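Notes for the one structure printed next.
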Amino acid sequence: MLAARYYGIRNIRVENIPKPGCGPGQALIKVACAGICGSDLHIFRKGMFMTYVPETMGHEFSGIVEQVGEEVTEVRPGDHVIGDPRVSCGACRWCREGSFNLCPSLGFIGEVMPGCFAECLVLDEKKLIKVPVTLDLRRAALVEPLAVALHIADKGRFSGTKHLGVVGAGPIGLLTVIVAKSMSVKQVSVIDISPDRLELAGRLGAVVLNSFPAGECDMPDTVVEAVGVESTLAGALGWLKPQGRLVMAGLYEEKITLDPNEIVVKELELAGEDAYETADLHKAVEILAGGMPEADQMITHVMPLESAASAFEMLTCADKKACKILLAP
Ligand SMILES: [Zn+2]
Ligand SMILES: [Zn+2]
């Protein structure tokens, strides 16, 4: 089968590898659509997170069960599914309590084990979530990033937010806008430097800005930082209203310098945000199966798996026109 494998920084090769077999409790899934995530770009640019090289990348997918191993009871061939891509130790206190995203050794498929940028992948059946056959498999591939946005909404206490600022109009930033709008947050402002992505944010009903506004006017009470670089974090801290709340959803490729007094003198609250809880995945399935048509606007490209390397180039170039690219094996 074909698979897009990481061989090193800016080096992804699509090659033929043996199709995996499924053991007891596992299912073989034929991948329908697989989304390229911001964390895949961290791998591509910096080699972060990867345990083995070469390795098949990718953790966001939708697909159809092709075969099941012994003792599998929950899914059967023909079922449409998405996967919970989190790989945790299963033994620590947080895993035992079901908070897998807090596991100290949390990893993801496509990083610590073979991922979904392939024609097929094998997962434990307990990692699969069935989705209705009426849910378009392209939309279903958005379940995982939507779960992130739902977790961000929780961390940012969107239900009590009047003005939300979002830094970064990538898929996570834009899905955060959609979730905020669906929760009736009155005003949503988005900052990015890509005109194409800002246009998309504008179509979703956000006020768009290409730099941080100066002065006191219109300061958000909550800001979501979804980029992960020093200048955008500093900008987010400056943009926030005193006693406002910052949700840090971006991952950093470098250590940064920060003036902590910015947080002290404005009495800001900080919330880190990583992945999601299991309930967020189920809620995301429910939402996408029931509506939220604007989420489809995230998907700017559907490309064959063979074009994986050029898709990564499109998402890491200076003038980003693409938003969510799905690879369709
Ligand atoms: Zn993702
Ligand atoms: Zn654990």
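The values are calculated or read from the model by the stated rules, or taken from the named source; none is laboratory data. A quick note: this is a predicted structure, and the numbers were derived from the prediction, not measured. Neighbour counts run over all protein chains shown; Cβ positions are idealised from the backbone, glycine included. Accessible surface is based on the protein model in full, side chains and every heavy atom, while ligands, DNA and RNA are left aside. Shrake-Rupley method; radii C 1.70, N 1.55, O 1.52, S 1.80 Å.
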Is the stretch 192-214 home to any residue that is within 30 Å of Leu102 (Cβ to Cβ) and aromatic (Phe, Trp, Tyr)? no
Any residue in the stretch 101-125 that's in the same structural domain as Val53 (by TED's automatic domain parsing) and away from ligand 1 (no atom under 16 Å from the Cβ): show its pairings with residues that are open to solvent by 60 Å² or more (accessible area, probe 1.4 Å) and assigned to a strand (DSSP E or B) at Cβ separation under 6 Å, as long as the two are six or more apart or on different chains. Cys120/Lys30
Tell me the residue from Pro260, Pro213, Pro220 that is more than 23 Å from the chain's Cα centre (by Cα) and without any contact (Cβ under 8 Å) to a residue 12 or more places away in the chain, please. Pro260
Failed item, numbered, when Glu254 is tested on (1) loosely packed, with under 13 Cβ neighbours inside 10 Å; (2) farther than 19 Å from Cys37 by Cα: (2)
Exception for Cys95 within (1) under 14 Å from Ala275 (Cβ atoms); (2) within 16 Å of ligand 1 (Cβ to nearest atom); (3) not aliphatic (A, V, I, L, M) falls at (2)
Going by what's in this entry, would Lys283 be described as at pLDDT below 95 and more than 30 Å from Ile17 (Cβ to Cβ)? no
Would it be correct to say that Asp79 is in the same structural domain as Glu313 (by TED's automatic domain parsing) and over 17 Å from Leu128 (Cβ atoms)? no
Tell me which of these Leu326 doesn't satisfy, since it passes every other one: (1) of a type in the set (A, V, I, L, M); (2) within 27 Å of Glu119 (Cα to Cα); (3) open to solvent by 20 Å² or more (accessible area, probe 1.4 Å). (3)
So which residues in the stretch 56-71 are touching a strand residue (DSSP E or B) at 6+ places or on another chain (Cβ under 6 Å) and more than 16 Å from ligand 1 (Cβ to nearest atom), if there are any at all? Ile64, Val65, Glu66, Gln67, Val68, Gly69
